[in-house]
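Asks: Quick one: structure below, then a few questions.
The values are calculated or read from the model by the stated rules, or taken from the named source; none is laboratory data. For clarity, every value in this text was computed on a predicted model and none was experimentally measured. Quick reminder, even Gly has a Cβ in these numbers, built from the backbone with ideal geometry, and neighbours come from all protein chains shown. Protein only, heavy atoms only, side chains kept; ligands, DNA and RNA dropped before computing areas. Shrake-Rupley method; radii C 1.70, N 1.55, O 1.52, S 1.80 Å.
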Amino acid sequence: MENIRLAFQGIWGHKMRSLLTMLGIIIGISAIITIVSTIKGTNEQIKENLIGSGSNVVSVQLFQDEWEYDFTYSPIPANVRVIDEQTRANLQQLDRVSQVSLYTKYSGGDGASAGSKLFSGEITGIDRYYMEVYGYVVGYGRSFNAGDFDNYRKVALVDQKAANALFGLDYPVGKVVEIKGEPFTVVGVVEQNSSFQPTINSYQDYYMYADTSAGKVFIPSSVWPVVFNFDQPQSVAVKANSTDDMTKAGQAVADYLNQTQIISSNAFKDEENEGGSDTSRGGISYRSQDLLQQAQQLQEMSNSTNQQLIWIASISLLVGGIGVMNIMLVSVTERTSEIGLKKALGAKKKRIRRQFLTEAAVLTSLGGVVGVILGVILAQVISFYNKIPVAISAPAIVISVVFSMVIGIVFGLLPAMKAANLNPIEALRRE
């Protein structure tokens, strides 16, 4: 405590010199805090843009080798079973899975029309759980009820984009939309219960994150075979317990489906052969749409550049450490007589060494604390102007302060050793 008191006394006695000495430490620490916080904020923004704020849904779909299997243009695989209700219930019991929905989709661009208006968006056959899993709510009209599924009613739900495309400014509820020549009555307009919109700062962000779809039309899954004339293996929407559980929940569902629903990896129906012979297409499997992994890949691309900035900022810490060594050497020269007097009174080398090491550590620690405060302020300013989440890194703050103290000890060691090794008689003689 005496050494710390003397350190503060020395710093206060040479305020300007101490401030200039700490400047390199302050700049280095504040730069590192700002960069690390900006990296975390950018990573959170990437994660939110891909997944959506508070959305924990991952899609598990059928793949042909590396590509999502497109039922719009490809034959139905003979080796993949249609998922029944018992299988869906089993999926819902898997670890990290909160809710499961089954759905089918058609995106051929010629599936629906209303009068002379064609609909180029997506037609989706949904089960009773789809609206809950994806967080859809009814804007006006009603949602599907049990009778719609059980009685094979030709009813439809549309989102606002589809309503505008098909009916313009007309009130859509009660209107008829034709899907593959079959008339469906619109019973409601739905929207996702989320105000989240991706942050778009460039054309690249727009094409990557923005919703550029033409809208969606939903019909009960029970009438899907009536309209499209076949039973189609469904995709699975998996709602995980949390965003961080999405990867493992999606993978668990995909693994279960691959074990129970895939009969053979190379068998497909040949639509042109009435005998039902199979053609080899190969590589069929269920895979989860791992948005977390996509986010991590984008984050790694961002981090590789930002880590170079951290190394550049660290150079200022090295410069600051050299400045500390320089000023401590000056301090030893100035206080030679004081050191000689202490040694003449019986102070041991380790006592003198500790005093100067403590002074160097206190000096750099003060610089570290000021640098942290300045770094947090800069991170807030950058977050405000760049419209990214504020993500102050607590570990970075702790490590920065400790690192600044270590710099003081390392670069203060030579001056401390010089002071401790002074000959007391020669020190007392020096003016």
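Asks: Could you go through the stretch 188-202 and let me know if any residue there is at pLDDT 90 or above, over 26 Å from the mean Cα position of the chain (by Cα) and open to solvent by 20 Å² or more (accessible area, probe 1.4 Å).
Replies: No, the stretch 188-202 has no match at all.
Asks: Which of the residues that make up the stretch 237-259 are in a strand (DSSP E or B) and either hydroxyl-bearing (Ser, Thr, Tyr) or open to solvent by less than 40 Å² (accessible area, probe 1.4 Å) (or both)?
Replies: So in the stretch 237-259, the residues in a strand (DSSP E or B) come out as 237-240.
Within the stretch 237-259, Ala237, Val238, Ala240 qualify.
Each row is one residue, and each column tells you yes or no for (1) in contact with a strand residue (DSSP E or B) (Cβ under 8 Å, 6 or more places away or on another chain); (2) open to solvent by 50 Å² or more (accessible area, probe 1.4 Å); (3) modelled with pLDDT under 70.
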{"site": "Met301", "(1), (2), (3)": "no, yes, yes"}
{"site": "Gln307", "(1), (2), (3)": "no, yes, yes"}
{"site": "Ile315", "(1), (2), (3)": "no, yes, no"}
{"site": "Val319", "(1), (2), (3)": "no, yes, no"}
{"site": "Ile322", "(1), (2), (3)": "no, yes, no"}
{"site": "Ile339", "(1), (2), (3)": "no, no, yes"}
{"site": "Ala344", "(1), (2), (3)": "no, yes, no"}
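Okay, residues lined up against (1) assigned to a strand (DSSP E or B); (2) at pLDDT 75 or above:
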site	(1), (2)
Lys47	no, no
Ser59	yes, yes
Leu62	yes, yes
Ile76	no, yes
Leu91	no, yes
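Asks: List the pairs whose first member sits in the stretch 67-94 and is more than 18 Å from Gly111 (Cβ to Cβ) and in contact (Cβ under 8 Å) with a residue 12 or more places away in the chain, whose second member is assigned to a loop (DSSP other than H, G, I, E, B) and hydrophobic (A, V, I, L, M, F, W, C), and whose Cβ atoms are under 6 Å apart, counting only residues at least 6 apart or on separate chains?
Replies: Listed pairs, sorted by first residue: Ala78/Ala267; Asn79/Ile263; Asn79/Ala267.
Asks: If a residue must be under 15 Å from Pro233 (Cβ atoms) and of a type in the set (A, V, I, L, M, F, W, C), how many such residues does the stretch 67-99 contain?
Replies: Count: 7.
Asks: Here is a follow-up. Name every residue in the stretch 63-89 that is out of contact with any strand residue (DSSP E or B) (no Cβ under 7 Å at 6 or more places or on another chain) and open to solvent by 50 Å² or more (accessible area, probe 1.4 Å), in order of residue number.
Replies: Asp65, Glu66, Trp67, Asp70, Tyr73, Arg81, Val82, Asp84, Glu85, Gln86
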